[in-house]
Amino acid sequence: MADRKHGVPAPATDSTVVAEDWDSRDLSGENHVRVLFTDIDMTEAHGVGAVFTECTFRGARFNASTHTDGAFLNCTFVRCRFFDATFTGCKFVGSMFDNCSYDLMKVSGGDWSFTGLPGADLRRASFTDVRMREADFTGARCAGGTLRKVDLSGAWTQKADFTGCDLRGSEISSIDPHSVELKNAVIDPYQAVVVATSLGLDVRSE
């Protein structure tokens with residue numbers, strides 16, 4: 001399993017749910033604390049305000065599910081699938097992802113600060129208007145992906161690949177151009193100044 005930042009261990013769980021079929025389940029208002037979900041099928045599950053706190057998901061399928069104003073706080077996701085999943089205004093603060101797939105996953109709004117996404121393949125994922133302060137993108141593959149208007153303040157981005165990634169409107173001052181791949185990344189004029197300054201250039205208007 002990928003390590004959390006600073007070696008912090010994953011929270012312990014107190015109960016287990018195995019191989020349950022939650023296909024198309026309405027999760028609205030549900031509250032789960034320190035539960036281990038193994039091989040659970042949440043395909044096309046949906047809901048508003050569901051809260052999962054310090055839970056672990058192993059082999060869970062979130063395919064085509066939709067979550068609004070929900071929370072997955074300090075959770076752990078191992079070998080989970082998020083194909084075409086949509087998260088709107090959700091909180092994933094402190095959560096850790098390991099060996100998951102994110103094809104066509106769409107995240108709009110919400111707080112994903114302190115999340116761990118080391119080595120994640122986010123090439124076909126989209127993040128918009130998301131707070132991701134101090135998130136771990138070490139070695140993440142974001143080539144061709146979308147990270148628009150994302151707050152990446154203090155994010156760990158060493159060896160991340162942002163080739164062709166749409167970064168417009170995002171806070172990228174913590175990204176070291178020497179330690180990441182930025183070829184053909186899409187940025188706005190303000191960000192161009194930030195990158196130039198990071199490279200030690202003297203930017204002047206005249």
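Values quoted throughout were computed directly from the atomic coordinates according to the rules given, and no laboratory measurement underlies them. None of the values given here were measured: they were computed from a predicted structure. Cβ sites come from the backbone with ideal geometry, for glycine too, and all protein chains shown count toward neighbours.
Using a Förster distance of 35 Å, how high is the FRET efficiency between residue 23 and residue 134, based on the Cβ-Cβ distance and rounded to 0.05?
So the FRET efficiency works out to roughly 0.50.
Does the chain classify as rounded, prolate or oblate by the C-alpha gyration tensor (a ≥ b ≥ c root eigenvalues; a/c under 1.5 gives rounded; else a/b over b/c gives prolate, otherwise oblate)?
The shape class here is prolate.
Sorted from fewest to most neighbouring beta carbons within 10 Å, what does the list 121, 202, 23 look like?
Lowest count first: 202, 23, 121.
What list of ³J(HN,Hα) values in whole Hz, one per residue of the stretch 194-206 in order, does the Karplus curve 6.51 cos²θ - 1.76 cosθ + 1.60 (θ = phi - 60°) give from phi, with Gly and Pro shown as x?
Rounded to whole hertz, the list is 4, 5, 4, 5, 4, 7, x, 7, 9, 8, 10, 6, 10.
Within 12 Å, Cβ to Cβ, of residue 163, how many net charges do the neighbouring residues add up to if Lys/Arg are +1 and Asp/Glu are -1?
Net of charged neighbours comes to 0.
Which residues among the stretch 105-147 fall inside the zone where the amide N is under 18 Å from a point 7 Å beyond the Cα of residue 183, along Cα→Cβ?
Correct set: 123, 139-145.
When only C-alpha pairs under 8 Å and at least 6 residues apart count, what is the relative contact order of the chain, in percent?
11 percent
Once you sort the root eigenvalues of the Cα gyration tensor of the stretch 14-100 as a ≥ b ≥ c, which label holds: rounded (a/c under 1.5), prolate (a/b larger than b/c) or oblate (the other case)?
Verdict is rounded for the stretch 14-100.
With a 10 Å Cβ neighbour count serving as the proxy for reagent exposure, in which order, fewest first, do 90, 55 appear?
90, 55
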